[in-house]
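Here's the structure we're looking at; comments come further down.
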Amino acid sequence: MPATISSIAELEALYGQPGEASLLKEADRIVPEYRAFIEAAPFAALATRGPEGLDCSPRGDGPGFVRIKDDKTLLLPDRRGNNRLDSLRNIVRDPQVALLFLVPGIGETIRVNGRAMITVDPALLESFKVDDKAPKSVIVITVEAIYFQCARAILRSELWNPQRHVTRSTLPSAGRILASLSADRFDGEAYDKALPERQKTTLY
């Protein structure tokens, strides 16, 4: 393919060197400033990789749902889901993970790179109970690098601007997608009708 970048030297020649701030912001532990963001975040994207390739999974709960055990360790409860287990399967085979934390209304995001393991320690599971329901497992993440990402992406996207929010009915529903992918063998209408109540009763 013409005009393709194929070496680090070409890449660096195109973009130049990183600024001082972009290097200073990286730490190998959770400093108090980054702790504040993590404790305020109700949402994170978890990236993993395995033999089949990469995966990125949304994770969310109340602010601070990813617990800070110490300045090198994060604890992420694995709440009820669809049992595909994409992230967990990957972690079992390759411990390298990355997290991206979002705080509503805030432009900066927090990025974490590290290594993960899965625990089913009964006392730890018990400590993460919500509505008297414990997660099936907890992902223990050892932080190797943590840094903030500047607000440009959030500003460009206007992610937090309510005037840019999309009306749900303008996009295909979950049931419609399932019906389409199954050539209408799946009852998408019934799925959509039952979904709000099912989600409400199975959050945890």
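The values are calculated or read from the model by the stated rules, or taken from the named source; none is laboratory data. Since we're looking at a predicted model, the values are computed, not measured. Every residue, glycine among them, receives a Cβ derived from its backbone with ideal geometry; neighbour counts consider all protein chains shown. Note: areas computed on protein heavy atoms with side chains; ligands, DNA, RNA excluded. Shrake-Rupley method; radii C 1.70, N 1.55, O 1.52, S 1.80 Å.
Would you work out if the range 1-86 is rounded, prolate or oblate? Take a ≥ b ≥ c from the square roots of the eigenvalues of the alpha-carbon gyration tensor; rounded if a/c is under 1.5, else prolate when a/b is larger than b/c, oblate otherwise.
Working: a/c = 2.99, a/b = 1.38, b/c = 2.16.
Since a/c reaches 1.5 but b/c is at least a/b, the shape of the range 1-86 is classed as oblate.
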For the residue pair Arg185 and Ala153, what label-to-label distance in nm results when each label sits 7 Å from Cα along the Cα-to-beta-carbon direction?
3.7
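When ligands, DNA and RNA are left out and all protein chains stay put, how many square angstrom of accessible area per residue does the range 45-204 have with a 1.4 Å probe?
Numbers: 10230 Å² over 160 residues.
Averaged over the residues of the range 45-204, the accessible area is 64 Å².
How large is the Rg to Rh ratio of the range 100-204 when both quantities use alpha carbon positions and Rh follows Kirkwood?
On the way: Rg = 19.4 Å, Rh = 18.0 Å.
On the Cα set of the range 100-204, Rg over Rh gives 1.08.
Once a ≥ b ≥ c are taken as the square roots of the eigenvalues of the Cα gyration tensor of the range 17-59, is the result rounded (a/c under 1.5), prolate (a/b larger than b/c) or oblate (a/b not larger than b/c)?
Numbers: a/c = 2.75, a/b = 1.35, b/c = 2.04.
It comes out oblate by the Cα gyration axes.
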Within the range 104-130, list the residues whose amide N lies under 18 Å from a label point set 7 Å along Cα→Cβ of Leu85.
116-122
Restricting to lysine pairs 8 or more places apart or on different chains, what number in the range 1-153 have Cα atoms under 24 Å apart?
7
Report the Cα centroid-to-centroid distance between the range 158-187 and the range 92-146 in angstrom, as an integer.
28
Please check: in the Gaussian network model of the chain (C-alpha springs, under 10 Å), which one of Arg176, Arg67, Arg89 has the largest mean-square fluctuation.
Arg176
The chain: relative contact order as a whole-number percent, Cα under 8 Å and 6+ apart:
20
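Is the shape of the chain best called rounded, prolate or oblate, per the rule: a/c under 1.5 gives rounded, else a/b larger than b/c gives prolate, else oblate, with a ≥ b ≥ c the square roots of the Cα gyration tensor eigenvalues?
Numbers: a/c = 1.61, a/b = 1.22, b/c = 1.32.
Cα axes put the chain in the oblate bin.
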With the full set of protein chains in place, find how many percent of the accessible area of the chain is carbon and sulfur; take the probe as 1.4 Å.
56
Report the residue, chosen from Thr109, Thr48, Thr167, that carries the largest GNM mean-square fluctuation when the chain is represented by alpha-carbon nodes joined by springs under 10 Å.
Thr167
